Every structure is written in C-alpha cells, then in structure tokens.
1. Mind listing whichever residues of the stretch 92-121 are surrounded by 20 or more Cβ atoms within 10 Å (Cβ to Cβ) and among the aliphatic types (A, V, I, L, M)?
2. Could you list, in sequence order, all residues of the stretch 98-115 that are more than 17 Å from Ala169 (Cβ to Cβ) and assigned to a helix (DSSP H, G or I)?
3. Does Leu151 satisfy being touching a helix residue (DSSP H, G or I) at 6+ places or on another chain (Cβ under 8 Å), modelled with pLDDT under 60 and either aliphatic (A, V, I, L, M) or assigned to a helix (DSSP H, G or I) (or both)?
4. Taking Glu81 and the conditions (1) modelled with pLDDT under 95; (2) closer than 20 Å to Arg164 by Cα, which numbered condition does it fall short on, given that it satisfies the others?
5. What are the residues in the stretch 41-81 that are part of a loop (DSSP other than H, G, I, E, B) and among the polar types (S, T, N, Q), if any?
6. Taking Val135 and the conditions (1) part of a helix (DSSP H, G or I); (2) at pLDDT 85 or above; (3) among the β-branched types (Val, Ile, Thr), which numbered condition does it fall short on, given that it satisfies the others?
Amino acid sequence: MTGPSDNAGGATGETGRQGNGEPLPPPLPLSPSPPLSAARAVPSKGTLLGIDYGTVRHGLAVTDPDRIIASPLETYARRSEALDGPHLARVAAEQRAVGIVVGLPIHANGQESDSSRAARAFGAWLAGLTGLPVVFWDERYTTWFAEGALLGAKLTHKKRKEKRDRVAAQMILRSYIEAGCPPGGTQAAEPDQTPAS
C-alpha cells in the first residue's frame, strides 16, 4: 500500500502500543508463501470478504452475492491472534463469504516487499482458520484514494481515520470485481524483473 496511511500494512511498518497501553501484537512471520489461489480457487459466484491487511488494523469490506457492488464493513483493531482469529472467522461466516480477497502491498514497479510477504502469511493463516480460499489483489494507492474519497465527503480527521481502512478494503474488492475476479489474483513481478510499461 502506498500513500498516507495509519494502517501499517504499508512500507513504513508502524510500531508502538495500543490505546490501552498494551504492546501491539507482533506481525506475522515474513516467510515467503505461494499464492493460495493456485491450490484452491475462489468460486465464481457468491459473497467475497475483502481485507486491507495491516499490522495495527484491518479494513474489512464485502461484496453482494452477485458481485456487483462492494461495501465497506468495519475497521478492526488487532488485539492478539487468539482474539483476531475468532472475530475474522465469525465475520466471514456471518457474511456467508465463499472466498477472501486480501490486499497485496507491492511496490510501484510491481515487485513484492516485506509487507507483501506479511500479507501472504496473513492470508495463509486466514485460509487455514476459515477453510475459505484466499486470493491476493494489488492494493497500490487504495489508502490514498480512500483518503481522497473521504476528504471529498467533508468528514473530520477523526471520522476519516475511523473509516479509511474499510474504504480501502472496499476499493480492493471493487478493483478485483472490475477485473473480472481473476482466480489467480495479482501476479507480482519477480525481484529481478521490471514490468513492461
């Protein structure tokens, strides 16, 4: 994710403490993980849950079952794996999601980063937790565009901060829908490769 963001899914890697003074949960391991969609594709029909992954907060959004629209759902402040897992699994079940789209933070040149690997590790964990297929989708500039949309709505800074991550998740889902819901998701460039312009 690029652009200004309070969600630490971007390249800055936010650290610190939660509002209650407790230390933030550690980020998930940065070990490389293959695209999960190669093993189990997201079904072509049904509700999708979109997640703008962050080390501090996750933005959540959903599609309708026909995948015509995407709507922001909530911004979830991470607490611990023991609490985050049941919450995310419950949201997926309540929304009757058939698959999950996780935003993939990649560099402007299309190459992956440490944040990309953290998002992939999160997606692998989420797939194991929910039993749902997970696909990754390019989230470049979504937080920046979300902030622009919220500024246009003339919201206060506090209200924008509350909504920014869920609107970013909505934009990730909308982009995925508009691309035709490709089962392989975003294919990032290899580290030694620069995409053709």
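1. Taking the stretch 92-121 and keeping what is surrounded by 20 or more Cβ atoms within 10 Å (Cβ to Cβ), we get 92, 97, 99-106, 112, 115-116, 118-120.
Once the filter is applied, which keeps residues that are surrounded by 20 or more Cβ atoms within 10 Å (Cβ to Cβ) and among the aliphatic types (A, V, I, L, M), the stretch 92-121 yields Ala92, Ala97, Ile100, Val101, Val102, Leu104, Ile106, Ala118, Ala119.
2. Hit for the stretch 98-115 is Asp114, nothing else.
3. So Leu151 fits the description; yes.
4. All conditions pass for Glu81, except number (2).
5. Hits for the stretch 41-81 are Ser44, Thr47, Thr55, Ser80.
6. (1)
The values are calculated or read from the model by the stated rules, or taken from the named source; none is laboratory data. What you see is a predicted model; the values in this text were computed from it and never measured. Reconstructed Cβ throughout: ideal geometry from the backbone, glycine too, with neighbour counts over all protein chains shown.
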